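The values are calculated or read from the model by the stated rules, or taken from the named source; none is laboratory data. Source: prediction; values computed, not measured. Ideal geometry is used to build each Cβ from the backbone, glycine not excepted, and the neighbour counts take in all protein chains shown.
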Amino acid sequence: MAREKVGALVILLFSVAYGLMATKIPLSFLSRQEVFTARTMPYGLAVAGIVLSLAIIVLPTVDPSGKKSLSDETRGMDWSTAILLVVLMLLFGLVMKWLGFILSSILFLLGGFWILGERRIKRMIFSAVPLVLILWCIMSLLLGVYIAPGEIFYQLGVF
Amino acid sequence: MWEGMIGGMMTGITTTMIPINIAMVLMGCFAGSFIGMLPGLGPITAVALMIPVTYGLDPTTGMVLLSGVYYGAIFGGSTSSILINAPGEAATVATALDGYPLARQGYPGKALAIAAYSSFSGGTIAVILLMFFAPMLAKVATSFQSVDYFALMILGLTAVSAFAGRGGVLKALLMVILGLMLSTVGTDQTSGIQRFTFGSLELLDGIEFLLLAMATFALTEALSIVLKRDASSDSLKPKMIGFKSLKVTKKEFKFITPTILRSSILGFFVGVLPGAGATLGSFMCYGMERNLASKEEQEKFGKGSLRGLAAPETGNNAASSGSFVPLLTLGIPGSGTTAVMLGALIAYGIEPGPRMFVERPDVFWGVIMSMYLGNVFLLFLNLPMIPYFARLLAIPRKIMVPVILFFSLMGVYLVTFNDFDIQMMVLFCVAAMALRLMNFPMAPLLLGFILGGLMEDNLRRGLMIYDESISFMWERPTTLGINLITIFILSLPLTRSLLSRFRKKETPLST
């Protein structure tokens, strides 16, 4: 199946789900009497999304690059590294509150370098630590933005 | 008209010439060149990455900085196109066609210098044209009503799709719809009703524009470098360029001057068209120059022709300036990058559109006049820096990619201080990556997202004014005129495909 059609199928399902969820948007008694309510635009968009995605599925694919199958397009791609980076970003979001900006950022950068194949520890540290500290100094000291330390420091009684 | 323009120019000069704004133009040009030079990162990413820096600044200063980043990134993109045949984005692909062969022939410095002179000339001529056309259009547009704005937004959204590549119209339109859907998340501004928030407090204010811009562009660009095992950033030998090699002879200047003049004008008017942008500008100028060239010269195209290099470089810079016309006068972005800038304007609390010309002349004229300064900075300060900038291309991707990811995530986190936003960014990044792999463009999605709220508000207001009837779409002459243009633009791809089928049918008969 052409990759464009796979994409259109996914968006078709999304549009149907969006339209169904639009019916759940609460309306007050007064707003029900109006022609244009909070549901109007979502309804219109859901219909447009369904019609357009169906058109892409039904009509022949013109774009030569779109005709490729998804497996052809993604063959030979470095999925493991990309997935590890996505997981690292998710972890970064989770630990940010606990470890604070400086520690979690340094760990994120070190992890990123490691995932991408860098093994020279000195190079990794000399790239990550100054970068994070400079950014922290710019934000905190120069621009006066307060960046709260991590929860862990409060728990340990450091602050 | 002249008095107004001279007054405006004076406002622009006084606004631009304050030290902070001069510093921001300089910083924008440097940062833009720096980011734009990295393979895979284009002006949209560069502008999105710099938006968080502008949040603490005055709106004029912020816009001056972002404009500098924009044309700096276009300039920077040409450098990586010429040196390693890795265009930062689509607008500099045409530059690589002749720039890279010229560099391979042993003239990387000359190619970079011609690119810089062409960019400077294209940018400067286009700014002069912008100065004339933008106020005229803004004055006409001050008589616009909500319904006209609604029609204009439809025009902007469909125009982006109409200029999509072969077979890309439906996909681009679908992405616009997807962007509009995302814009409905959060509290409805008129009724106060929550839509698609799933009870989450974080979604009450809707999705942050910056979050979506970073996730769909900066993060996905970095991840696609990893996915495609793009090692092009490791392949450059930075020692190959020196100051002396940046020289261009008088004869060569004379040779490319008519090309620059022609491409500046064509590039500007292509850029003015909503949705066309710098990519179409550069390719159209390249095509025009090739058609105009003698047969002998035509054969040199693609093999290191000076005209083939000067035309797209002039064209993409002129079109970049041209795309500011619909942004500043109508509040309709002319390209993906100006769509991001439109989002920034809204974030500053400025309502883009013709009223901005009256209410915030400092922003309007400040941006225009700062472009002059930006072009001068790019030529006289960035050109000598090219040998140093080019060393950036030697930074291995295993260091560069995590740094780009870090700055993208921090760009959003340091504005909102909400770790939920990081999770949401990753989610959007994965979805955007999947859509890109399925050959769906991202710029229309962002455009739909930015214009969604404004579009709904204007339609609602229009319906209230016209007694809940949509007759304004054909009864009001201005709205009707805009709608007819929309229909015309939408019918263009269909006409093109019918014409090509007709020609194909004719060819076998004639042979």
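Here are the numbers:
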{"quantity": "Selected residue (criterion: nearest to residue B:329 (Cα to Cα)) from residues of the range B:342-365 that are touching a helix residue (DSSP H, G or I) at 6+ places or on another chain (Cβ under 7 Å) and of a type in the set (Gly, Ala, Ser)", "calculated": "B:353"}
{"quantity": "Residues (facing another protein chain (nearest Cβ under 9 Å) and not in a helix (DSSP H, G or I)) located in the range B:416-433", "calculated": "B:417"}
{"quantity": "Pair list, Cβ under 7 Å, 6 or more apart: the range A:57-69 residue more than 7 Å from chain B (Cβ to nearest Cβ), other residue exposed (fewer than 12 other Cβ atoms within 10 Å of the Cβ) and at pLDDT 85 or above", "calculated": "none"}
{"quantity": "Which numbered condition residue A:82 fails, given (1) touching a residue at least 12 places away in the same chain (Cβ under 8 Å); (2) crowded, with 17+ Cβ neighbours inside 10 Å; (3) of a type in the set (A, V, I, L, M); (4) at the interface with chain B (Cβ under 9 Å from one of its Cβ atoms)", "calculated": "(1)"}
{"quantity": "Qualifying residue in the range B:233-241 (condition: within 14 Å of chain A (Cβ to nearest Cβ) and either more than 15 Å from residue B:94 (Cβ to Cβ) or modelled with pLDDT under 80 (or both))", "calculated": "yes"}
{"quantity": "Among (1) crowded, with 22+ Cβ neighbours inside 10 Å; (2) out of contact with any Lys or Arg (no Cβ under 8 Å at 6 or more places or on another chain), the one test that residue B:440 misses", "calculated": "(2)"}
{"quantity": "Subset of the range B:458-467 [surrounded by fewer than 20 Cβ atoms within 10 Å (Cβ to Cβ), in a helix (DSSP H, G or I) and either small (Gly, Ala, Ser) or at the interface with another protein chain (Cβ under 10 Å from one of its Cβ atoms) (or both)]", "calculated": "B:461, B:464"}
{"quantity": "Top-ranked residue in the range A:134-159 [being touching a Ser or Thr at 6+ places or on another chain (Cβ under 8 Å) and either basic (Lys, Arg) or part of a loop (DSSP other than H, G, I, E, B) (or both); ranked as nearest to residue B:418 (Cα to Cα)]", "calculated": "A:147"}
{"quantity": "Count of the range B:406-415 residues which are at the interface with another protein chain (Cβ under 9 Å from one of its Cβ atoms) and closer than 21 Å to residue B:227 by Cα", "calculated": "3"}
{"quantity": "Given (1) part of a helix (DSSP H, G or I); (2) closer than 25 Å to residue B:208 by Cα, index of the condition residue B:333 fails", "calculated": "(1)"}
{"quantity": "Residues being touching a helix residue (DSSP H, G or I) at 6+ places or on another chain (Cβ under 7 Å), at the interface with chain B (Cβ under 7 Å from one of its Cβ atoms) and free of Cβ contacts under 8 Å to residues at least 40 places away in the same chain - total across the range A:8-24", "calculated": "1"}
{"quantity": "Unmet requirement for residue B:447, which otherwise passes all of (1) more than 11 Å from chain A (Cβ to nearest Cβ); (2) surrounded by fewer than 21 Cβ atoms within 10 Å (Cβ to Cβ); (3) of a type in the set (A, V, I, L, M, F, W, C)", "calculated": "(2)"}
{"quantity": "Residue check for residue A:11: in a helix (DSSP H, G or I), closer than 20 Å to residue B:441 by Cβ, of a type outside the set (Asp, Glu) and within 20 Å of the chain's Cα centre (by Cα)", "calculated": "yes"}
{"quantity": "Residue satisfying condition, being surrounded by fewer than 16 Cβ atoms within 10 Å (Cβ to Cβ) and within 9 Å of chain B (Cβ to nearest Cβ), within set A:94, A:88", "calculated": "A:94"}
{"quantity": "Odd one out for residue A:103, checked against (1) in contact (Cβ under 8 Å) with a residue 24 or more places away in the chain; (2) facing another protein chain (nearest Cβ under 9 Å)", "calculated": "(2)"}
{"quantity": "Count - residues of the range A:111-159 that are over 17 Å from residue A:100 (Cα atoms), surrounded by 10 or more Cβ atoms within 10 Å (Cβ to Cβ) and not charged (D, E, K, R)", "calculated": "12"}
{"quantity": "Some residue of the range B:483-494 being within 20 Å of residue B:183 (Cα to Cα) and either surrounded by 20 or more Cβ atoms within 10 Å (Cβ to Cβ) or not aromatic (Phe, Trp, Tyr) (or both)", "calculated": "no"}
{"quantity": "Residue among B:54, B:11 that alone is surrounded by 20 or more Cβ atoms within 10 Å (Cβ to Cβ) and touching a Gly at 6+ places or on another chain (Cβ under 9 Å)", "calculated": "B:54"}
{"quantity": "Unmet requirement for residue B:470, which otherwise passes all of (1) surrounded by 18 or more Cβ atoms within 10 Å (Cβ to Cβ); (2) more than 8 Å from chain A (Cβ to nearest Cβ); (3) β-branched (Val, Ile, Thr)", "calculated": "(1)"}
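Residues are listed down the side, and each one gets a yes or a no for (1) of a type in the set (S, T, N, Q); (2) over 19 Å from residue B:152 (Cα atoms):
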site	(1), (2)
B:314	yes, yes
B:321	yes, yes
B:328	no, no
B:337	yes, no
B:341	no, no
B:348	no, yes
B:361	no, yes
